[in-house]
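One structure is given below, encoded as structure tokens.
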Amino acid sequence: MNVGVIGMGAMGTGMARNLHKAGLLQAVWNRTPDKAQAIAGELGVEAAADPAALASACDVIVTCVSRDEDVLAVMDAMASGLASGKTVVDTSTIAVDTAKQAAAKLATSGVEFLDAPVSGGKEGAQNGQLVFMVGGDADVFQRLQPAFDAMGKSATHMGEVGSGQATKAVNQIMVAGINQAVTEALAFGQTSGLDMDKVIEVVSGGAAGNWFLQMRGPTMVNDTFEPGFKLGLHHKDLTICRQMLDNMGVALPVVEMTLKHYERLMEAGYGEEDISALYRDKRELFRTGNKRSL
Ligand code: NAP
């Protein structure tokens with residue numbers, strides 16, 4: 001199996017490096033060419049001239065780009081290089097309907113499609129510790145196991161195309177709640193004058209311990225919000241969740257509140273920062289005496 005990766009962002013770069021370690025990586029492509037050339041040079045693989053050239057050179061194409069429209073644009077740009085028997089594995093976080101649309105588009109030329117969004121953050125991508133939630137044909141999923149093994153610690157087949165993205169929506173609602181809880185509690189701790197390194201260590205060892213607290217707690221209390229996972233991208237995910245909830249006739253408090261907070265931060269120019277930049281908002285509550293509405 002030879003694999004190509006499209007999208008050398010925070011996530012795609014780690015995936016490409018781990019596919020290379022497993023001897024599976026054939027080529028990379030990125031919209032901004034410098035990033036693809038740097039990785040291709042480092043790993044000694046091809047930097048494809050365009051998505052179609054990458055698709056033509058590879059049996060399996062892993063895509064990891066930002067938003068729904070970007071995934072569909074990349075599918076179109078690959079079209080002339082795709083042929084029956086090839087498989088596209090999209091690891092971006094997008095709407096269920098967009099995944100189905102991509103699958104239908106590719107099926108017309110006999111190309112298989114799996115929606116395979118991930119959890120585990122930039123660190124998980126770098127360390128080959130991602131968790132994949134996968135929708136699509138079960139046999140195709142089985143066939144691609146070596147690629148999933150190279151990039152992650154687990155890959156679970158959730159059902160038909162779109163069920164990976166539906167599972168990821170569950171994850172993203174939970175991430176919003178965890179971000180709210182961790183940023184709020186740590187802003188409270190810092191305002192109380194506690195030694196925050198000790199607080200993070202102690203709390204991490206107890207029942208409230210979690211990945212986000214351990215990975216982003218130390219940086220947020222030191223005013224560092226390097227992504228990680230861009231706040232603007234989580235806002236995109238929660239907008240997808242809100243649409244799914246609308247269809248159920250439900251508005252969830254954590255989703256609505258987090259969208260509102262992210263929009264405030266994006267308007268202030270923090271959309272490219274890590275989602276832990278929500279800490280800025282919480283800190284402000286303590287500065288202003290919580291006089292503004294939630
Ligand atoms: P990122 O660092 O911002 O990288 C985005 C990548 O997408 C870049 O390579 C960018 O190319 C490419 N891109 C964007 N629009 C494009 C288009 N129209 N055509 C071609 N390429 C395009 O984002 P990321 O953090 O890697 O996230 C990628 C996806 O994974 C998103 O759907 C995100 O929600 C999801 N995700 C992220 C994390 C995380 O912790 N970061 C975790 C799980 C899932 P340029 O370099 O040219 O801009």
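Summary of values
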{"item": "Dipole moment magnitude, nearest 20 debye, segment 112-233 about Cα centre, only Lys, Arg, Asp, Glu C-beta charged", "result": "100"}
{"item": "Structure-based [θ]222 nm, the chain - -39500 (n - 2.57) summed over DSSP H runs of at least 4, per residue, nearest 500", "result": "-17500 deg cm²/dmol"}
{"item": "Cα-based Kirkwood hydrodynamic radius, segment 158-287, one decimal, Å", "result": "15.4"}
{"item": "Cα-centred dipole magnitude for the chain, charges only on beta-carbon of K, R (+1) and D, E (-1), debye, nearest 20", "result": "500"}
{"item": "Net lengthening on full extension, Ser109/Asp137 (0.36 nm per residue, minus Cα-Cα)", "result": "8.5 nm"}
{"item": "Karplus-derived HN-Hα couplings along segment 253-262 (A = 6.51, B = -1.76, C = 1.60, θ = phi - 60°), whole Hz, x at Gly and Pro", "result": "x, 5, 5, 5, 5, 5, 4, 4, 5, 4"}
{"item": "Helix axis angle, 163-191 relative to the chain longest principal axis, alpha carbon, degrees", "result": "30"}
{"item": "Antiparallel bridges, percent of DSSP beta bridges restricted to segment 99-228 (to nearest 5)", "result": "35"}
{"item": "Cα-centre dipole for segment 3-160 with unit charges at Cβ (Lys and Arg positive, Asp and Glu negative), debye to 20", "result": "320"}
{"item": "Positive-end residue, the chain charge dipole about Cα centroid, Cβ charges, pick of Gly289, Pro146, Gln129", "result": "Gly289"}
{"item": "Cα long-axis angle, helix 96-107 against the chain (0 to 90 degrees, to the nearest 10)", "result": "10"}
{"item": "Local net charge near Ala116, Cβ-Cβ under 10 Å (Lys/Arg +1, Asp/Glu -1)", "result": "-1"}
{"item": "Karplus 3J(HN,Hα) series, Hz, for segment 61-70 with 6.51 cos²θ - 1.76 cosθ + 1.60 (x for Gly, Pro)", "result": "10, 9, 10, 8, 10, 6, 10, 3, 5, 6"}
{"item": "DSSP bridge orientation in segment 3-160 - percent antiparallel, rounded to nearest 5", "result": "10"}
{"item": "All Cα pairs of the chain, percent lying beyond 29 Å", "result": "37"}
{"item": "Of all accessible heavy-atom area on the chain, the percent that carbon and sulfur account for (1.4 Å)", "result": "53"}
{"item": "Extension gain, Leu194 back to Val250 (0.36 nm per residue minus Cα-Cα distance, nm)", "result": "16.2 nm"}
{"item": "Charge context of Pro227, other residues only, Cβ under 11 angstrom, K/R +1, D/E -1", "result": "-1"}
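The values are calculated or read from the model by the stated rules, or taken from the named source; none is laboratory data. Since the structure is predicted, the reported quantities are computational estimates derived from the model, not experimental observations. Reconstructed Cβ throughout: ideal geometry from the backbone, glycine too, with neighbour counts over all protein chains shown. Areas reflect the complete protein model, heavy atoms only, side chains present, ligands, DNA and RNA absent. Shrake-Rupley method; radii C 1.70, N 1.55, O 1.52, S 1.80 Å.
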